[in-house]
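Okay, so here's the structure we're looking at.
The values are calculated or read from the model by the stated rules, or taken from the named source; none is laboratory data. Remember, it's a predicted structure, so these values are computed and weren't measured experimentally. With ideal geometry, Cβ positions are generated from the backbone for all residues, glycine too; neighbour counts draw on all protein chains shown. To get the accessible areas, we keep the full protein, side chains included, count just its heavy atoms, and leave off ligands, DNA and RNA. Shrake-Rupley method; radii C 1.70, N 1.55, O 1.52, S 1.80 Å.
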Amino acid sequence: MVGTPAEEQRLRDLALLRRVRDRIDREYALPLDVEALARGVHLSAGHLSREFKRAYGESPYSYLMTRRIERAMALLRRGDLSVTEVCFAVGCQSLGTFSTRFTELVGMPPSAYRKAAAERTAELPSCVTKRVGRPVRNREAPAGIPFLA
């Protein structure tokens, strides 16, 4: 069954957007920007940003930062790296930007998260820790709610 040309184009666009999302998931620690991601699927940066946001509810940059923060949370829970080391390990180039974005998504600064995670997840299985410790996207982290309350 053949759909309309508009439906077929939408399916092709969604396939491209999945490729971009998969690349972000794989290469989050590398220097990525929207223009490079767009070039990889032969779209303009503006078109990629609009379509990505329409499909996934957030911009490619926001999705990338969420992936980085999610990985940073796992590294901070491990406890063997400093906040600065974690910042650079996940691909962030600025400790200030990393800390600000981490606080927006998680609801507390990385250093406080590291300390709370060490205290509260010592006896939890890693699969549970990962599930309850996922970052909240789109600045939805409620203020004042303790980690793993």
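Of everything in segment 16-65, what is of a type in the set (Asp, Glu) and either farther than 22 Å from residue 101 by Cβ or under 16 Å from the mean Cα position of the chain (by Cα) (or both)? Give them in sequence order.
The answer is 22, 25, 27, 33, 51, 58.
So, in segment 1-45, exactly how many residues are farther than 23 Å from residue 91 by Cα and assigned to a helix (DSSP H, G or I)?
12
Taking residues in segment 1-20 that are under 25 Å from residue 36 (Cα atoms) and touching a residue at least 24 places away in the same chain (Cβ under 8 Å), and partners anywhere that are surrounded by 11 or more Cβ atoms within 10 Å (Cβ to Cβ) and acidic (Asp, Glu), the pairs with Cβ atoms closer than 9 Å and at least 6 places apart or on different chains are 13/51; 14/51; 16/51; 17/51. When segment 57-81 is filtered for residues that are open to solvent by 50 Å² or more (accessible area, probe 1.4 Å) and either touching a strand residue (DSSP E or B) at 6+ places or on another chain (Cβ under 6 Å) or at pLDDT 95 or above (or both), only 71 remains.
For segment 68-84, indicate whether the set of residues that are hydroxyl-bearing (Ser, Thr, Tyr) and not in a helix (DSSP H, G or I) is non-empty. Yes; the residues of segment 68-84 include at least one that is hydroxyl-bearing (Ser, Thr, Tyr) and not in a helix (DSSP H, G or I). When restricted to residues that are closer than 20 Å to residue 33 by Cβ and either open to solvent by 50 Å² or more (accessible area, probe 1.4 Å) or of a type in the set (S, T, N, Q) (or both), segment 90-103 contains 5. Within segment 96-116, the set of residues being touching a Ser or Thr at 6+ places or on another chain (Cβ under 7 Å) and at pLDDT below 95 comprises just one member, 105.
Does any residue of segment 131-141 turn out to be of a type in the set (Asp, Glu), at pLDDT below 65 and open to solvent by 70 Å² or more (accessible area, probe 1.4 Å)? There is at least one residue in segment 131-141 that is of a type in the set (Asp, Glu), at pLDDT below 65 and open to solvent by 70 Å² or more (accessible area, probe 1.4 Å). Would you please name the residue that is surrounded by the fewest Cβ atoms within 10 Å (Cβ to Cβ), looking only at residues in segment 30-52 that are closer than 23 Å to residue 69 by Cβ and among the aliphatic types (A, V, I, L, M)? So the residue we want is 30.
Pairing residues of segment 21-36 that are more than 17 Å from residue 53 (Cβ to Cβ) and in contact (Cβ under 8 Å) with a residue 12 or more places away in the chain with residues that are part of a helix (DSSP H, G or I) and open to solvent by 80 Å² or more (accessible area, probe 1.4 Å), at Cβ distances under 8 Å and at least 6 apart in sequence or on separate chains, gives 28/71; 29/71.
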